[in-house]
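The values are calculated or read from the model by the stated rules, or taken from the named source; none is laboratory data. On a predicted model such as this, the values are computed, not experimentally measured, just so you know. Neighbour counts are summed over all protein chains in view; Cβ atoms, including those assigned to glycine, are modelled from backbone coordinates with ideal geometry.
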């Protein structure tokens, strides 16, 4: 990685750290220039606008999420082991040793931008569609392995799977429920049992 790319990555990393504290909308090029002791013109050499920086931050979060949650899960055997790995990976993403204290930054950004139409919201919506599609594909793999029943609605499964993770985030971060993880895993077990049984 060249010096220019290193500086660009440093800017994105710092912007992401600030976004987790104050929200992405509050992260400006001026604030970043001060934080990193760079000139505004130096920052503008890498990002022509605040929006471009925001999009880079979203792309970085998606990249980290993919490497932390999705790729390790896809290395597991098709079927239920892969479904469980996807779920477990997201639990760690929200509340694991390397997780940010505020939890899932993608959820936080979704709440921040859900009423702000524009490219940033579009990028977040695309990442959410990709995530739900990933869950659905993994569930379809379980059908192919004859571990889920053949008539399972994989989109509905993805919706419920994602909902359990959102509930876990709220339970662990807002309510500080010490039983949040075992409760989430029990809810997943019930979802898997339902998926394995003909409706």
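When we screen 57, 61 for residues that are farther than 21 Å from residue 192 by Cα, over 11 Å from the mean Cα position of the chain (by Cα), modelled with pLDDT under 95 and buried (at least 20 other Cβ atoms within 10 Å of the Cβ), the only hit is 57.
Matching residues to (1) buried (at least 19 other Cβ atoms within 10 Å of the Cβ); (2) touching a helix residue (DSSP H, G or I) at 6+ places or on another chain (Cβ under 6 Å); (3) touching a residue at least 40 places away in the same chain (Cβ under 8 Å); (4) not in a helix (DSSP H, G or I):
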{"position": "151", "(1), (2), (3), (4)": "no, no, yes, yes"}
{"position": "166", "(1), (2), (3), (4)": "no, no, yes, no"}
{"position": "172", "(1), (2), (3), (4)": "yes, yes, yes, no"}
{"position": "176", "(1), (2), (3), (4)": "no, no, no, yes"}
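Per the listing 147, 156, the residue uniquely surrounded by fewer than 17 Cβ atoms within 10 Å (Cβ to Cβ) and either assigned by TED's automatic domain parsing to the domain that holds residue 190 or more than 25 Å from residue 180 (Cβ to Cβ) (or both) is 156.
For every residue, the table says whether it meets (1) more than 15 Å from residue 162 (Cα to Cα); (2) out of contact with any helix residue (DSSP H, G or I) (no Cβ under 7 Å at 6 or more places or on another chain).
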{"site": "60", "(1), (2)": "yes, no"}
{"site": "67", "(1), (2)": "yes, yes"}
{"site": "77", "(1), (2)": "yes, yes"}
{"site": "89", "(1), (2)": "no, no"}
{"site": "97", "(1), (2)": "yes, yes"}
{"site": "104", "(1), (2)": "no, no"}
